[in-house]
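*Asks:* The structure's right below; bear with me while I get my questions together.
The values are calculated or read from the model by the stated rules, or taken from the named source; none is laboratory data. Computed from a predicted structure; not experimentally measured. Cβ placement follows ideal geometry from the backbone for every residue including glycine, while neighbour counts extend to all protein chains displayed. Areas reflect the complete protein model, heavy atoms only, side chains present, ligands, DNA and RNA absent. Shrake-Rupley method; radii C 1.70, N 1.55, O 1.52, S 1.80 Å.
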Amino acid sequence: MKKLSAFFALLLAVTLLICNNLSAQIDTTQSLPVNDTSVGINSYIGFIPDSVTGDVHYSNTYPISITPAQGSMNASPFSQIKLIFNNPIDPLTVDASSFIVRREVSGPNNGTITIHSGNTEIRFTPATPFKNGEVVRVYATENIWNATENIRPFISQFTVITRPSEGIFASGTTYSTEAKPLAVFVYDLDRDGDGDIVCANSSIGGAGASNISVLMNNGDGTFAPKVNYVVGIPSGCANPCDVHVHDLDGDGDGDIAVVNICGVVSVLKNNGNGTFGAPTLYSVAGHPDRIKVADLDGDGDGDIIVSGGGISGAGKPFFSVMLNNGDGTFGTPAQFHSGTLQFGIYIYDVDGDGDGDAITSNTIGRSVSVSLNNGYGAFHPPTVYPAGILPRDVYVSDLDGDGDGDFVVANQTSTQHGTITVYKNNGNGTFSQRADYVVNGSPGGFIH
């Protein structure tokens, strides 16, 4: 038995310290930075391989503004998404597979896509309102073209305004999982409009080992009894420690990716109704702890990134990236150095160039590493920022309302009072203005 409500309440105490004032306002439009073409090859997104020479060059078509603004925390549930380009695009290349609107809990969003302003503007009108409090991500993929070549891929996200609340919670309800549930993810698995729960059970050996539990929402915030799915890891392998849900194969429903600390990633495909098939296993090096799914290379599908990989042959800690082949299968993992041995990981476009960068918390090094994406799912050497004792989970959001992503890390010190460390973004993916806040207990994560 595990009290999920107690787990949420513990993390909520940390998160409330960094909440923004989400007062209602009209959606804002954000002008986007123009990429610096003076940097070296493959330093920024927008390089197009030349089929003859093998060289790369910049696409001359890229987004210049977006509504709602990147990182907005108070977008209207009725938001119409508008993405404006510097040059005309080919309308025939814009559809639901090349311009994607995806909600963090509810999955792909249905709506109407139209082209305006001399083929320089894409508008997306949702078929139903966005849900209050939900994060929405917008993907303009490399499959959109101008007259001669594909555009620079672009990713943005915003959060729909929450409803006013006093922040008071009723008594919790306890639901049974298997032993030692370590991580949860909420996602509408059966596409009925409510959030279901996936739980990674971290017990080692015995009954209930090597599986995840799925609890389906009854439609009123109560949940049906668990259904367990094995993750298929070998006998004697340490068990699941984190889980992420994403539409990995592009069929409209949420698939499950699980990371197991013995160095195995398990992928379970959704049958379309919230039940799941047998797992497919992928080996990653080291002993990974955390998993995230995001479009890292701008092609519109979900790639996998795992932290806590261990030490490479060069003697440097690393995280691993597995790029999606487009059908929910994955290529050979690539390793990227992270500064020091890491635990938590978060993906966010911190430098405003349209791709997802990796932010990792380094437990041993008492620091956070920021690794910028080159636009193809490969990452530059990290910039390392000092944090507190035993930094665990890390989260990125626009904490000061200036349009860029700031980060906060939970420092799980062994003393009576832990801390969280906040760094503000300078607007270009570098960080300053560190602030530390004391919290009760030993914070290990954030609700988001």
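*Asks:* When the residues of the stretch 396-421 are filtered to those that are out of contact with any Phe, Trp or Tyr (no Cβ under 7 Å at 6 or more places or on another chain) and part of a strand (DSSP E or B), which remaining residue is farthest from Tyr348 (Cα to Cα)? Walk me through how you get there before you give the answer.
*Replies:* Of the stretch 396-421, the ones out of contact with any Phe, Trp or Tyr (no Cβ under 7 Å at 6 or more places or on another chain) are 397-404, 409, 411-418, 421.
Then keep just the ones that are part of a strand (DSSP E or B); that gives 397, 409, 411, 417-418, 421.
Numbers: Ser397: 8, Val409: 14, Asn411: 20, His417: 29, Gly418: 25, Thr421: 18 Å.
Here the answer is His417.
*Asks:* Out of the stretch 171-211, which residues are open to solvent by 50 Å² or more (accessible area, probe 1.4 Å), modelled with pLDDT under 95 and under 19 Å from Asn109 (Cα atoms)?
*Replies:* Arg191, Asp192
*Asks:* Going through Asp393, Asp402, Asp406 one at a time, which residue ends up being closer than 16 Å to Phe431 by Cα, modelled with pLDDT under 95 and not small (Gly, Ala, Ser)? Don't jump to the end; show me each part of the working.
*Replies:* On the way: Asp393 fails: closer than 16 Å to Phe431 by Cα; Asp406 fails: modelled with pLDDT under 95.
After ruling out the rest, the residue left standing is Asp402.
*Asks:* Right, here's the next one. Quick check: anything in the stretch 362-370 under 16 Å from the mean Cα position of the chain (by Cα) and either at negative phi or without any contact (Cβ under 8 Å) to a residue 24 or more places away in the chain (or both)? Reasoning before the result, please.
*Replies:* Narrowing the stretch 362-370 to residues under 16 Å from the mean Cα position of the chain (by Cα): 370.
Still in the running and either at negative phi or without any contact (Cβ under 8 Å) to a residue 24 or more places away in the chain (or both): 370.
Yes, because at least one residue in the stretch 362-370 is under 16 Å from the mean Cα position of the chain (by Cα) and either at negative phi or without any contact (Cβ under 8 Å) to a residue 24 or more places away in the chain (or both).
*Asks:* If I go through the stretch 374-412 residue by residue, how many of them are in contact with a Leu (Cβ under 6 Å, 6 or more places away or on another chain), open to solvent by 20 Å² or more (accessible area, probe 1.4 Å) and more than 21 Å from Thr363 (Cβ to Cβ)?
*Replies:* 1
*Asks:* Does Asp220 qualify as being among the acidic types (Asp, Glu), over 30 Å from Pro391 (Cβ atoms), open to solvent by 10 Å² or more (accessible area, probe 1.4 Å) and in contact (Cβ under 8 Å) with a residue 12 or more places away in the chain?
*Replies:* Details: among the acidic types (Asp, Glu): yes; over 30 Å from Pro391 (Cβ atoms): yes; open to solvent by 10 Å² or more (accessible area, probe 1.4 Å): yes; in contact (Cβ under 8 Å) with a residue 12 or more places away in the chain: no.
The answer is no for Asp220.
*Asks:* Exactly one condition in (1) at pLDDT below 90; (2) touching a His at 6+ places or on another chain (Cβ under 6 Å) is false for Ala257; which is it?
*Replies:* With (1) at pLDDT below 90; (2) touching a His at 6+ places or on another chain (Cβ under 6 Å) applied to Ala257, the lone miss is (1).
*Asks:* Hey, among Ala224, Ala140, Ala170, which residue is among the aliphatic types (A, V, I, L, M) and more than 30 Å from Phe78 (Cα to Cα)? If you could, list the steps in order and put the result at the bottom.
*Replies:* Working: Ala140 fails: more than 30 Å from Phe78 (Cα to Cα); Ala170 fails: more than 30 Å from Phe78 (Cα to Cα).
Just one listed residue meets the conditions, Ala224.
*Asks:* Moving on. Output the residues belonging to the stretch 158-167 that are under 23 Å from the mean Cα position of the chain (by Cα) and surrounded by fewer than 22 Cβ atoms within 10 Å (Cβ to Cβ).
*Replies:* First, pick out the residues of the stretch 158-167 that are under 23 Å from the mean Cα position of the chain (by Cα): 158-162.
Scanning the stretch 158-167 gives Ile161, Thr162.
*Asks:* Residues in the stretch 223-236: is at least one out of contact with any Gly (no Cβ under 6 Å at 6 or more places or on another chain) and at positive phi? Talk me through it step by step, then tell me what you get.
*Replies:* Step one: filter the stretch 223-236 for residues out of contact with any Gly (no Cβ under 6 Å at 6 or more places or on another chain), giving 223-236.
Next, only the ones that are at positive phi stay: 232, 236.
Looking for residues that are out of contact with any Gly (no Cβ under 6 Å at 6 or more places or on another chain) and at positive phi, one finds at least one in the stretch 223-236, hence yes.
*Asks:* Quick one: would you say Gly250 is more than 30 Å from Gly326 (Cβ to Cβ), small (Gly, Ala, Ser), at pLDDT 90 or above and open to solvent by 40 Å² or more (accessible area, probe 1.4 Å)?
*Replies:* no
*Asks:* Out of all the residues in the stretch 349-358, is one or more of a type outside the set (Asp, Glu) and open to solvent by 10 Å² or more (accessible area, probe 1.4 Å)? Spell out the reasoning first.
*Replies:* Of the stretch 349-358, the ones of a type outside the set (Asp, Glu) are 350, 352, 354, 356, 358.
Checking which are open to solvent by 10 Å² or more (accessible area, probe 1.4 Å) leaves us with 352.
Yes - at least one qualifying residue is present in the stretch 349-358.
Quick grid of which residues meet (1) closer than 26 Å to Phe185 by Cβ; (2) open to solvent by less than 50 Å² (accessible area, probe 1.4 Å):
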| site | (1), (2) |
| --- | --- |
| Lys82 | no, no |
| Phe124 | yes, yes |
| Ala127 | yes, no |
| Asn146 | no, yes |
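*Asks:* Being open to solvent by 40 Å² or more (accessible area, probe 1.4 Å), touching a strand residue (DSSP E or B) at 6+ places or on another chain (Cβ under 8 Å) and not aliphatic (A, V, I, L, M) is the filter here; which residues of the stretch 254-278 pass it?
*Replies:* Matches in the stretch 254-278: Lys269, Thr275.
*Asks:* Here's another thing I want to ask about it. Pull out all pairs, ordered by first then second residue, where Cβ-Cβ is under 6 Å, the residues are six or more apart or on different chains, the first lies in the stretch 135-161 and is more than 14 Å from Ala69 (Cβ to Cβ) and in a strand (DSSP E or B), and the second is of a type in the set (A, V, I, L, M, F, W, C) and open to solvent by 10 Å² or more (accessible area, probe 1.4 Å).
*Replies:* Once the first residue is more than 14 Å from Ala69 (Cβ to Cβ) and in a strand (DSSP E or B) and sits in the stretch 135-161, its partners that are of a type in the set (A, V, I, L, M, F, W, C) and open to solvent by 10 Å² or more (accessible area, probe 1.4 Å) give Tyr139/Ile100; Tyr139/Ile155; Ala140/Phe154.
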